[in-house]
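Here the structure is laid out as C-alpha cells; the discussion comes afterwards.
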Amino acid sequence: MKKIITPILILLSFISIAQTIATDKIDAIVSSKIEANDPSLFVGVVKDGVIVYEYYNGLTSLQHQVKATKTSRSNIASVAKQFTALCILQLSIEGSLSLEDDIRTYLPNLYKNIKEPIKIRHLINHTSGIRDYPDLMGVQRNPWWRRVGIDNDDVIELLEKQEDLNFAPGSDYTYSNSNYTLLTKIVEKVSGINFHDYSKQLFERLGMKNTSFLKNYMAVMPNQVLPYSDWGDGVWQQFPMLTNLYGDGFLYTTLKDQLIYEQAVQNAQKTNNQLLIQSQLPIPNSEITSYGFGLELTNRLNYKAVHHSGGTGSYSAEMVRYPEERLSIFVMSSNSNVWSGGIADEVANVLLPKKEVEITQTDFENLTLGDPLSLEAFTGTYATADENIIITIFEEDGKIKYQRGNNNPFILIKEKENLYTFEESSDAKITFTRTTGQPIDLTLYLPGAAPRHHTKLINKSLNSYELDAYTGHYENTELDVAFEIFRKNDALFIKQTGRKQTSEITQLTPSFFLVSGYKLKVQKDAFNRVREILLTTNRVANIKFVKKTSLEFQPIIPTDNGSIQVTTIASKGKGSNILLTKNYENGNEIWFKQYGGSSYDKANSIIDTKDGGYLLVGFTSSYGNGNYDVYVIKVDAKGKEQWSATYGDFYNEYGNFAEETETGYIIKGTKQECKSNNLALKNNCKTNVWEITIDKKGNQLSDSVQEEIIEKPAYQKEWHR
C-alpha cells in the first residue's frame, strides 16, 4: 500500500509546484496592470473543470474606497451576448421557435420592403445586414450614451424606421449590436415573459446567483462596480452610464459567477448539457462558421478558441476558452486604461506552450515589382475593390506614412524599390506595382494572411460648375437627419442642418468623398445629375441621403456681346406678361420681345439652345387646363416665337428651369396635388417636384412626380390667387 501512496504524493506535489510557478507568473502579469487604489481588475482561470486562479485588485468605488471582492458585480459589455444567444437557443431546443424563422414573424413592423427572409440565426451571428444602432445614433450626432434613459424600445423604434440593410441577409458579416436588441424582444414574444425574468431564470439554473441584466440605471445594485477613466491626464473621473439598454450588453456579474459558468461549459459533455454543448458550436445552416451563439469561433495564439470581447464606457471584459486544452480565462475591469484582451492573452501564454504555425511566406527577394515608382507617383489614396477600406500614403516630416481610414499613421521603411516594411513590424510589408494603362496597386502582406490588394484612386480637379453640381440640401428620413453641401472657392464643405460646425470634404474621385470618418458615394441619374449620397461609416452602410431639389432660377445668361434675360411686366388690366430683353454689356437694350395672354404669365428661367435660340420656362394662367400651368416658350436667336406649350392639370403647376438633352428638354418645376377638385372644400394639398420630358417641338414624352416641397418658393406664395 505504501508503494502506491508514495508515487501519488510525489505526483501531487509536482502538480502543486507547477501550479504555484504558473500562479506566480500570472500574479506578476496582472499585478503590473493597476495599483491598489486604481479602478478595479478581476482575472480568473478554469482548468479541467476546476477554478485554479482568482485575482481581485483595485477599487470598485473611488469615492468610497471600496475594494474589489468576490461579490463585486461589473458590466461585461458584449461578452453578455453569449447569454442572450443562450436564451434563444434554449427556446429553439424546446421547440418554441426555429432559428430559421423570419424575425418579422415576431416583429412585423421591421423592414417591410425587404423581400428576403431575415432569419433569427442571421441576428445571432451578425449576418442579418441590420445596421448597428450606436453607429446610427452617431450619424444623428446624438450618441446613445448621451440619451438619458434610452432603452430597447427606443432602439427598436429607430430600427423600425430603417428601410434598407447594410447587405442582403446571409450574404455578408458585419457586427451589429442591433441584432441582440432584437433578440431580447423575440425572447419576450415567444416566452410570454419579459427578458429580464427569462434570463434570470436561466442564470439561476446555471448557479449564477449574482448575475443579471440591467433594468434601470437608477436602481440600487448591491456591490455594483463603478467605471472610471482618466482620459490621459491622470485624474480619475466616473464614466456616466445613464441608459436602460440590455441584451447586447449591460450584464452585471461577478468573477465567481463567470468562473462557475466556465466550469459548466467545460463539464457539459460529462453532464450531457445539450444547451451548453450546442452553444459552443457554429450555428446550424449558417453561411459563416467564424461566429456562433454570441461567440467568436476563431483561433487565438494559434490554438482553437471560443472567445469574445466587450467594452462600453470604461468597462471592459474578455472571455477566452481553449476547448481542446480545457482551459478558460476570464478578465473584467472598470478601468479604461486596462486592455482585458491583452491580459487574457498574456495569461494564456503562461499556461499554454507556444504553438508555431507554418506560414507560407512571400518570396520578396524574387518578387517582380516592375519599374521603380517615384514618391509622387505612389503617394495618394487607395481603396479595396468594394471601397470599404481606404488607405492613404503620404509624406510627412521627410517620412513616408501609411494610414488606414482615420487611424493613427504608421511609418514605412524602404527595403528596396517599390517594397516597404512597417517601422513597428518588419513582418508586415507593402509593395507598389503598376500595370501599363492601370492605376497603381498597393498590396499589403501580413503574416498568415492572404495578400490584400488596393487600387490607387484617380482623381481629377473639378471646375466651379462641377463643384456646384454637388451643392445642395440632402435628407434621410430614416434618421431624420439632413446636411448641406456648399462650396467655398475650390473646395466643398458639409454642415449638418441645425449645427454650426462645418467640415471640408476630401474628394477621392468625382463620385467618392471622405469627411470626418464618413465615406460618401455620389449617385447620379441618367443625365449625370446628383440625385443622392450614400453614407457609410463603421457598422452602417449606404444610408441614403436624397438631394432635395434646389428650385433656383436662371433669369439671365451671358451672350457674346452682353446678356439676355427674362422678366415679368404688368400688362394692360390686372395681368402680367413675359418680357425677353437682349442687352449690351453696359446694360443698354438691343431689342425686346413680349409673350403671354390676357391673364398672368411669368418666366423664371432662360437657357440657350443648341440651335442658337432660347428656351423660356415659367407658368401661365392665360393658357392651359387649370389655375396655373407650366409654360414653355421656344424662340429663335432674335426672340421670334417658334412654339409654346403648357403642361398641367386642375391645380397649380409651375416651371422653374430646363436642361437640354439629345432628344429634347427636361423641364423641372412643381406640381400641386389635392384631395379634391372642388374649390369650395378646404383641401389638403401638397406640392411636389415635377419633371417633364419633352421633345424638340414641345410634345410631352413623360413626366414624374418626385419629392415633396415643404417650403414653397417665394414666387408661388406671391402669385398664388
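Laid out as a table, the results:
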| item | result |
| --- | --- |
| Base-10 log of normalised Debye intensity for the chain (one unit scatterer per alpha-carbon) at q = 0.06, 0.07, 0.11 Å⁻¹ | -0.53, -0.69, -1.23 |
| Loop GluC sites (Glu not before Pro), segment 215-322, which have at most 15 other Cβ atoms in a 10 Å radius of their Cβ (DSSP) | E287 |
| Relative contact order of segment 301-418, pairs being alpha-carbon contacts under 8 Å that are 6 or more residues apart, as % | 14 percent |
| Cβ-placed point charges (K, R +1; D, E -1), dipole of the chain about Cα centre in debye, nearest 20 | 1420 debye |
| Gyration tensor verdict on segment 369-456 (Cα atoms; rounded if a/c is under 1.5, prolate if a/b is larger than b/c, oblate otherwise) | rounded |
| For segment 432-488: relative contact order, % (alpha-carbon pairs under 8 angstrom, 6 or more apart) | 20 percent |
| Loop-resident sites, segment 534-631, for GluC sites (Glu not before Pro), counting at most 12 other Cβ within 10 Å (DSSP) | E552, E585 |
| Trypsin sites (Lys or Arg not before Pro) within segment 431-511: DSSP coil, no more than 13 neighbouring Cβ in 10 Å | K460, R499, K500 |
| Computed lengthening from D233 to K524, 0.36 nm per intervening residue step minus Cα-Cα distance | 99.9 nm |
| Isolated Cys residues of the chain, judged by Cβ distance under 4.7 Å to other cysteines | C87 |
| Cut-off 13 Å between beta-carbons: net charge of the residues surrounding P39, Lys and Arg +1, Asp and Glu -1 | -1 |
| Y651 long-range amide H proximity, modeled H, under 5 Å | N627 |
| Segment 74-351: Rg to Rh, with Rh as the Kirkwood radius over Cα pairs | 0.95 |
| Tilt relative to the chain, helix 340-351 - C-alpha long axis, 0 to 90 degrees, to 10 | 30 degrees |
| Mean residue ellipticity (222 nm) of the chain, computed from DSSP H runs ≥ 4 via -39,500 (n - 2.57), nearest 500 | -5500 deg cm²/dmol |
| Proxy reagent accessibility, fewest Cβ within 10 Å first, across F293, F364 | F364, F293 |
| Gain on full stretching of the segment that runs from I288 to V148 - 0.36 nm per residue minus C-alpha separation | 46.7 nm |
| Ranked list, fewest to most other Cβ atoms within 10 Å of each Cβ, for M332, M319, M221 | M221, M319, M332 |
| Estimated D of segment 556-719 in µm² per second, where Rh is the Kirkwood radius over Cα pairs and Stokes-Einstein applies at 4 °C, 1.567 mPa s | 79 µm²/s |
| Percent of beta bridges antiparallel (DSSP, the chain, rounded to nearest 5) | 95 percent |
| Segment 86-151 versus segment 357-426: alpha-carbon centroid distance in Å | 39 Å |
| Cα long-axis angle, helix 195-205 against the chain (0 to 90 degrees, to the nearest 10) | 20 degrees |
| Folded to 0 to 90 degrees: helix 255-266 orientation relative to the chain principal axis, Cα | 80 degrees |
| For the chain: relative contact order, % (alpha-carbon pairs under 8 angstrom, 6 or more apart) | 8 percent |
| Extreme residue, positive dipole direction of the chain, given options N476, N489, G562 (C-beta unit charges) | N476 |
| Within-14-Å neighbourhood charge of R321 [Cβ basis; K, R +1; D, E -1] | -3 |
| Neighbour-count order for I569, I124, fewest beta carbons within 10 angstrom listed first | I569, I124 |
| P(r) histogram, all alpha-carbon pairs of segment 464-548 included - 10 Å bins from 0, percent | 17, 57, 24, 1 |
| Span from the segment 161-218 Cα centroid across to the segment 436-507 one, whole angstrom | 36 Å |
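Read the figures in this text as sums done on the coordinates, not as results from a lab. Remember, predicted model here, so these are calculated numbers, not experimental data. So basically every Cβ, Gly included, is an ideal-geometry build from the backbone, and we count neighbours across all protein chains shown.
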